[in-house]
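Asker: Attaching a single structure in structure tokens format; questions to follow.
The values are calculated or read from the model by the stated rules, or taken from the named source; none is laboratory data. Just so you know, these numbers come straight off a predicted model, no measurement behind them. Reconstructed Cβ throughout: ideal geometry from the backbone, glycine too, with neighbour counts over all protein chains shown. Only protein heavy atoms, including side chains, enter the accessible area calculation; ligands, DNA and RNA are left aside. Shrake-Rupley method; radii C 1.70, N 1.55, O 1.52, S 1.80 Å.
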Amino acid sequence: MGMTMTQKILAKHAGLTSVETGQLIEAKLDLVLGNDITTPVAITEFDKAGLTQVFDKDKIAIVLDHSAPCKDIKSAQLCAQARAFAERFDITHFYDVGQMGVEHALIPEKGLAAPGEAIIGADSHTCTYGALGAFSTGVGSTDMAAGMATGLAWFKVPSAIKVTITGKFAPYVSGKDVVLHLIGQIGVDGALYKSLEFAGEGVAQLTMDDRFTIANMAIEAGAKNGIFPVDDLTRAYLKGRVDRPWEAVEPDPDAVYDQEVVIDLSTLRPTVALPHLPSNTRTVDEVAGMPIQQVVIGSCTNGRLKDLQEAADILKGRRVHKGVRCIVLPATQQIMMDAMAQGLIQTFIEAGCAVSTPTCGPCLGGHMGVLSNGERAVSTTNRNFVGRMGPTDSEIILASPAVAAASAVAGCIADPAKL
């Protein structure tokens with residue numbers, strides 16, 4: 001029986017010639033990742049277990065991004081704990097204020113993820129690196145602690161759903177609309193502990209930033225991971241970033257999938273997810289006019305340069321609507337500098353936006369954009385659960401950067417094509 005891309009990567013890292021769905025394996029890891037919220041928990045477990053060394057200081061990454069720059073005493077204490085651990089073991093890839101970015105944008109940017117690799121992170125959106133043809137998945141902090149010490153992790157081999165992409169994008173449609181459409185179609189548990197494996201001639205229409213966005217939200221469909229094939233666009237992204245050997249995998253012709261979902265890009269419309277699930281999707285036409293108080297453009301889902309370019313194209317020469325707060329968060333320092341060089345930051349400020357240093361901040365209701373009672377935000381983030389960005393009676397509507405920017409101008413959910 002043939003294997004999927006995910007199964008091939010897991011088999012190789014387990015030292016096996018093949019694996020089957022449901023099989024329990026122990027696999028070697030190429031990277032173990034944590035942030036300022038999850039790493040301190042892992043450190044506590046690491047020390048409690050009496051562990052005294054890490055498996056490879058070059059294969060651990062710690063990124064202070066969720067509450068940094070620190071928003072309060074507790075977050076400062078957590079960051080201090082992470083700093084002390086990084087210093088104790090001379091962790092090569094430790095990113096603090098001034099160097100850090102939102103982890104799932106920073107890790108690929110720094111060349112720390114590559115095709116065929118096996119990566120775990122104590123953050124559910126670690127599945128982002130599947131855009132590069134890697135197997136990457138989120139784990140708990142205890143698993144992170146064990147991974148840092150041993151370089152190993154246990155996995156149950158997942159089955160897979162094949163997502164075949166065809167066609168070409170219409171104007172103002174992007175990767176965010178693809179993944180929201182997919183989640184709306186199969187549901188938040190439609191891919192529960194499965195691999196979402198993308199294929200089809202339409203993949204070539206997706207930029208790397210589109211692919212990062214789609215892989216990032218695989219977890220919102222319940223998936224263990226999402227993964228794209230490696231093509232010339234992937235290789236171009238990796239050139240100059242990754243200097244170690246890597247090996248791409250392709251699914252076997254007789255690989256078995258639980259189902260196939262076909263998405264024709266040409267039929268998609270700008271799409272949003274209404275409260276309080278990413279699967280509660282509508283086209284923007286169906287909900288245009290719904291009033292809002294805040295817009296957030298950024299996060300590990302949509303804080304990359306292409307996202308900022310799309311938002312700036314709409315905001316240029318326009319003003320944010322009175323009564324709406326628009327917050328823009330470039331995902332890394334490099335993206336911030338690139339956006340400055342292209343004049344995007346000036347465009348945002350002239351439009352009346354607040355531009356922040358890289359941080360996860362508002363996505364998890366941490367800081368830099370928490371909502372008040374009864375307020376509604378349009379956000380390019382990945383989750384719109386009850387109480388995610390503020391009180392339980394606040395609301396989040398997930399959208400693409402184009403829809404978010406158009407909504408900021410209109411003061412309500414808006415179709416960017418109709419501004």
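Asker: Name the single residue, out of those in the stretch 390-419 being of a type outside the set (S, T, Y), open to solvent by less than 10 Å² (accessible area, probe 1.4 Å) and over 18 Å from E286 (Cβ atoms), that is farthest from the chain's Cα centre (by Cα).
Answerer: For the stretch 390-419, the residue satisfying everything is A408.
Asker: What pairs come up if the first residue lies in the stretch 233-262 and is within 24 Å of T207 (Cβ to Cβ) and in contact (Cβ under 8 Å) with a residue 60 or more places away in the chain, the second is part of a strand (DSSP E or B) and aliphatic (A, V, I, L, M), and their beta carbons are under 6 Å apart, counting only those six or more places apart or on different chains?
Answerer: Final answer for the pair search is V261/V163.
Asker: Also, quick follow-up: Considering each residue of the stretch 9-41, count those that are part of a helix (DSSP H, G or I) and within 20 Å of R244 (Cα to Cα), and give that number.
Answerer: Total satisfying the criteria: 4.
Asker: Could you say which residue among G343, G352, G387, G317 is at positive phi and either under 14 Å from the mean Cα position of the chain (by Cα) or at pLDDT below 95 (or both)?
Answerer: Result: G387 is the single residue among G343, G352, G387, G317 that is at positive phi and either under 14 Å from the mean Cα position of the chain (by Cα) or at pLDDT below 95 (or both).
Asker: Looking at this structure, is V179 surrounded by 20 or more Cβ atoms within 10 Å (Cβ to Cβ) and without any contact (Cβ under 8 Å) to a residue 60 or more places away in the chain?
Answerer: yes
Asker: Output the strands (runs of 3 or more DSSP E) that fall wholly within the stretch 71-140 and possess 2 or more residues being in contact (Cβ under 8 Å) with a residue 24 or more places away in the chain and open to solvent by less than 10 Å² (accessible area, probe 1.4 Å), or say none. Break it down stepwise before answering.
Answerer: Working: elements: 93-95, 118-121, 135-138.
Because the criterion is at least 2 residues that are in contact (Cβ under 8 Å) with a residue 24 or more places away in the chain and open to solvent by less than 10 Å² (accessible area, probe 1.4 Å), the strands (runs of 3 or more DSSP E) in the stretch 71-140 that meet it are 118-121, 135-138.
Asker: With a cut-off of at least 1 residues that are over 19 Å from the mean Cα position of the chain (by Cα) and more than 21 Å from R376 (Cα to Cα), name the strands (runs of 3 or more DSSP E) lying wholly within the stretch 195-311.
Answerer: Answer list for the stretch 195-311: 259-264.
Asker: Does the stretch 6-16 contain at least one residue that is at pLDDT 95 or above, of a type in the set (S, T, N, Q), out of contact with any helix residue (DSSP H, G or I) (no Cβ under 8 Å at 6 or more places or on another chain) and surrounded by 13 or more Cβ atoms within 10 Å (Cβ to Cβ)?
Answerer: Scanning the stretch 6-16, I find at least one residue that is at pLDDT 95 or above, of a type in the set (S, T, N, Q), out of contact with any helix residue (DSSP H, G or I) (no Cβ under 8 Å at 6 or more places or on another chain) and surrounded by 13 or more Cβ atoms within 10 Å (Cβ to Cβ), so the answer is yes.
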